[in-house]
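Reviewing the structure listed below.
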Protein chains: 2
Amino acid sequence: MPLEIPSVVIDRLPGYVRVLGRFADAGQDLISSEQLGAMLDVSPAQIRRDLSYFGRFGRQGSGYEVMSLLVRLREILQIDRTWRVCLLGAGRLGRSVAAYGELAAHGFRIVAVFDSDERLVGTQVEGLEVRNMTELEASLDRDSIEIAIIAVPPEAAQRVSERLVAAGIRSILNYSPAHPRVPASVAIRNLEPVMALQAMTFHLTREGPA
Amino acid sequence: MPLEIPSVVIDRLPGYVRVLGRFADAGQDLISSEQLGAMLDVSPAQIRRDLSYFGRFGRQGSGYEVMSLLVRLREILQIDRTWRVCLLGAGRLGRSVAAYGELAAHGFRIVAVFDSDERLVGTQVEGLEVRNMTELEASLDRDSIEIAIIAVPPEAAQRVSERLVAAGIRSILNYSPAHPRVPASVAIRNLEPVMALQAMTFHLTREGPA
């Protein structure tokens, strides 16, 4: 498998997995790049190019084998394994993220929760006892944590990001209303809705009402 | 003001507003592009280029006036006005999004909630009565709704997106685990964490442990 797969291709793979899973559930054995493309708003040629990065799944003239393609993509994305995740911030936001069942259902298991507020340390979040943020580095190492979710106040986001990166974390999901700076080797996604909306409303304004 | 402001510049403005707000709260009158840049991981030259799109805020040699720059950026992003938002999906996910107080605190006021499940129609979400999805188009128009938040099951996301776009909505925040296709004139942000994590773990895997 070539190492340099464009990240835009990777970003499409979870979508492929979701759509293929629906066809598999419906008992369909073969799927054309046209069918897949129509479900994902990707051209059939693009589908073929995307999937060519991962091996040969197509049968000339008959389409892709749904099951073997699905198994391979799940394997490539390591979807069937469990990832150990820590949650930083046990306030209202953190508790709401922890309660989102889809994370655990897809193998992203929160195994440790941290907060720097002494009043929250020792309380329970989804069955986990909140640890003191001072224990962060030791816990990441001991508990083999690979992914971090940030749900701390914005003024603390940069500092905790730096601690995570220094401790070897390279995948961060950020829910705080700040965009922490991380080295290029670290993947970070900002999922806070207010900043996303503020950038969108600018465009709303400029173009006038629909 | 030039109309063609790169969206990467717009995306940085909410960050400027947040940082400037902190300096204003601290009573600082002037700020250099170096100071601003250090807070946001943007080079001073980039800061100057970004802000030059919106007028002249700098005083040669003394920096930017914090208050007037802040007021102008808030005005540009229309941060002080209220936006009328509808929420599609009154299940667990939708209720959790509706309960996120920061949206209303920043002027994004959910004024209507819809669901297609008859058992949810008529129930309350944060003080709003859930309406039937069949009333969507009529409500968007009557209630002057400009922004939609999607929190429906993935198989319904594409269809509701199309209805929203057809009804004139041009800003969509998507929490469903699907990436709906919309025309280029519509701004959509996907904030669902599982798909974001799945695309990130691919990179984790490929590069090996830190």
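The values are calculated or read from the model by the stated rules, or taken from the named source; none is laboratory data. A quick note: this is a predicted structure, and the numbers were derived from the prediction, not measured. For neighbour counting, all protein chains shown are included, and Cβ atoms are generated from backbone atoms with ideal geometry for every residue, glycine included.
Computed quantities for the displayed model
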| quantity | calculated |
| --- | --- |
| Test: residue in segment A:37-59 that is touching a Pro at 6+ places or on another chain (Cβ under 6 Å) and not in a strand (DSSP E or B) | yes |
| Residue in segment A:120-129 that is at the interface with chain B (Cβ under 8 Å from one of its Cβ atoms) and either in contact with a strand residue (DSSP E or B) (Cβ under 6 Å, 6 or more places away or on another chain) or of a type outside the set (A, V, I, L, M, F, W, C) (or both) present | no |
| Flag if A:R181 is at pLDDT below 90, touching a helix residue (DSSP H, G or I) at 6+ places or on another chain (Cβ under 9 Å) and under 29 Å from B:L40 (Cα atoms) | yes |
| Candidates B:S52, B:S62, B:S7, filtered to the one that is more than 21 Å from A:P153 (Cβ to Cβ) and modelled with pLDDT of 85 or more | B:S52 |
| Yes/no for B:R159 being in a helix (DSSP H, G or I) and either over 18 Å from the mean Cα position of the chain (by Cα) or not aliphatic (A, V, I, L, M) (or both) | yes |
| Selection count where residues are touching a residue at least 24 places away in the same chain (Cβ under 8 Å) and under 17 Å from B:M195 (Cα atoms), scope segment A:100-115 | 5 |
| Count of segment A:140-149 residues which are buried (at least 20 other Cβ atoms within 10 Å of the Cβ) and part of a helix (DSSP H, G or I) | 1 |
| Any hit, segment B:1-20, residues being touching a residue at least 12 places away in the same chain (Cβ under 8 Å), of a type in the set (A, V, I, L, M, F, W, C), exposed (fewer than 13 other Cβ atoms within 10 Å of the Cβ) and out of contact with any strand residue (DSSP E or B) (no Cβ under 7 Å at 6 or more places or on another chain) | yes |
| In segment A:61-90, the residues that are part of a loop (DSSP other than H, G, I, E, B), within 11 Å of another protein chain (Cβ to nearest Cβ) and in contact (Cβ under 8 Å) with a residue 60 or more places away in the chain | A:L77, A:I79 |
| Residues of segment A:168-181 classified as more than 9 Å from chain B (Cβ to nearest Cβ) and part of a loop (DSSP other than H, G, I, E, B), total | 1 |
| Some residue of segment A:116-135 being surrounded by 19 or more Cβ atoms within 10 Å (Cβ to Cβ), touching a Leu at 6+ places or on another chain (Cβ under 6 Å), touching a residue at least 24 places away in the same chain (Cβ under 8 Å) and outside any helix (DSSP H, G or I) | yes |
| Selection count, segment A:155-164, where residues are closer than 17 Å to B:T201 by Cα and within 9 Å of chain B (Cβ to nearest Cβ) | 0 |
| Criterion violated by A:S96 - all others in (1) in a helix (DSSP H, G or I); (2) buried (at least 19 other Cβ atoms within 10 Å of the Cβ); (3) of a type in the set (S, T, Y) satisfied | (2) |
